[in-house]
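The values are calculated or read from the model by the stated rules, or taken from the named source; none is laboratory data. Keep in mind that what you see is a predicted model, and the values were worked out from it rather than measured. Cβ sites come from the backbone with ideal geometry, for glycine too, and all protein chains shown count toward neighbours.
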Amino acid sequence: MALQTGAVIFVDRHGFQLPAVYADFSSEYEAATTTAGVHDASYMGRLKATGEDGLDLLNRMSTNNVMDLGAGEGAVTVLTTDRGRIIDVLGVVNQGDHVILLTSPGRQQTVIEWLDKYTIMEDLTIEDVTAETTMLALVGPDSGTILGLTTSHGPQDSLTAHSVRLGGVDVLAVEQPLGTLSRYWLITSPD
């Protein structure tokens, strides 16, 4: 799902060459606020946690209740040290048989190491899938309609996961509002 075709300006974001402008800033801003706009967010980290104890450990190590998340549900939480220092702000999405963790750019290894430090008897394996996946943000009032979804307009710290098919490709669409705008994180393999 490369969106570099037609881009006129590129920027380096955490080691990724990303398209910054396709036409001009004002028309792209207008599209994102009146219909929909796309942003390549592949620079953000994506971890896959498998094992019975993933949500339990995250619940004990972070600030939000993630223990009761059902399949397809998610939440934003702050992963902290034992002294309350912030390690990262995570998006936690329960996929049933695994959990997806959305991290800040370049924070994947720090998050993995911190959780591994406290994984003693827990059944938990965490792998960095950032390089194996692509992540786009679809933002704007029409973004749900474009995906064939009904936007939930949930709270800012609430995430909802949907499986959609776009152009013959399976995509995980994670809904997370951006202020008053609808936003979906679209995660798929880069092929």
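A residue that is surrounded by 13 or more Cβ atoms within 10 Å (Cβ to Cβ) and touching a Lys or Arg at 6+ places or on another chain (Cβ under 9 Å) can be found somewhere in segment 142-153.
Considering segment 102-133, and only residues there that are out of contact with any strand residue (DSSP E or B) (no Cβ under 9 Å at 6 or more places or on another chain) and part of a helix (DSSP H, G or I), the residue that is nearest to Ser158 (Cα to Cα) turns out to be Glu113. Of all residue pairs spaced 6 or more apart or on separate chains, those with beta-carbon atoms under 7 Å, a first member in segment 115-133 that is among the acidic types (Asp, Glu) and a second member that is crowded, with 16+ Cβ neighbours inside 10 Å and in a helix (DSSP H, G or I) are Glu122/Leu57; Asp128/Gln108; Asp128/Ile112.
Just to verify a result, which residue in segment 139-191, among those that are of a type in the set (Asp, Glu), in contact with a strand residue (DSSP E or B) (Cβ under 9 Å, 6 or more places away or on another chain) and at pLDDT 90 or above, is nearest to Thr63 (Cα to Cα)? Ranking the candidates gives Glu175 first. Residues that are over 13 Å from Gly72 (Cβ atoms) and out of contact with any Lys or Arg (no Cβ under 7 Å at 6 or more places or on another chain) within segment 82-104 comprise Asp82, Arg83, Gly84, Arg85, Ile86, Ile87, Val89, Leu90, Gly91, Leu101, Thr103, Ser104, listed in sequence order. Residues of segment 55-68 that are surrounded by fewer than 21 Cβ atoms within 10 Å (Cβ to Cβ) and either farther than 19 Å from Gln109 by Cα or outside the structural domain of Asp123 (by TED's automatic domain parsing) (or both): Asp56, Asn59, Arg60, Thr63, Asn64, Asn65, Met67, Asp68. Considering (1) in contact (Cβ under 8 Å) with a residue 40 or more places away in the chain; (2) more than 12 Å from the chain's Cα centre (by Cα); (3) part of a loop (DSSP other than H, G, I, E, B), the lone condition that Asp68 does not fulfil carries the number (1).
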